[in-house]
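Okay, so here's the structure we're looking at.
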Amino acid sequence: MTTFAEGQEVLLGALLSLDEDSRHLVLLRYHEGLSAAEIARRSDRSPGTVRSKIRRALEHLREQLDRKYD
């Protein structure tokens with residue numbers, strides 16, 4: 001069984017495996033609670049580009065976590 005602290009450590013490692021831009025977008029979306037539209041305005045990108053980049057980052061995170069826990 002994994003402790004909460006161990007889970008946080010694994011998640012942090014997975015986040016750090018993302019490129020800096022992807023990590024920043026994921027943190028803005030899920031830590032700061034910003035919408036894709038808000039992030040797009042702040043970063044001078046289209047909302048579709050932001051959503052796409054976040055989607056790919058989440059896929060990467062899932063792969064990392066699946067490898068750890070499967």
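The values are calculated or read from the model by the stated rules, or taken from the named source; none is laboratory data. Worth saying up front: this structure is predicted, and the values here are computed from it rather than measured. Note: ideal-geometry Cβ built from the backbone for every residue, glycine included; neighbour counts use all protein chains shown. Only protein heavy atoms, including side chains, enter the accessible area calculation; ligands, DNA and RNA are left aside. Shrake-Rupley method; radii C 1.70, N 1.55, O 1.52, S 1.80 Å.
General remarks:
- The three principal axes of the Cα atoms in the chain give end-to-end lengths of 42, 19, 16 Å, sorted in falling order.
- For region 1-20 versus region 39-70, the gap between their alpha-carbon centres in whole angstrom: 16 Å
- Rolling a 1.4 Å probe over the protein heavy atoms of region 1-52, with every protein chain left in place, gives an accessible area that is 53 percent carbon and sulfur.
- Since only Tyr69, Leu28, Gly13 are under comparison, the one whose Cα sits farthest along the positive direction of the charge dipole of the chain, derived from C-beta charges on Lys, Arg, Asp and Glu, is Leu28.
- Accessible surface computed residue by residue for the chain, with neighbouring protein chains in place and a 1.4 Å probe, gives 73 Å² per residue.
- With θ taken as phi - 60° and the Karplus curve 6.51 cos²θ - 1.76 cosθ + 1.60 applied, the whole-hertz 3J(HN,Hα) list for region 60-68 is 4, 4, 4, 4, 4, 6, 4, 4, 6 Hz, x standing for glycine and proline.
- Region 25-39 - phi-based ³J(HN,Hα) in whole Hz, Karplus 6.51/-1.76/1.60, Gly and Pro as x: 5, 4, 5, 4, 6, 9, 8, 8, x, 7, 7, 4, 5, 5, 5
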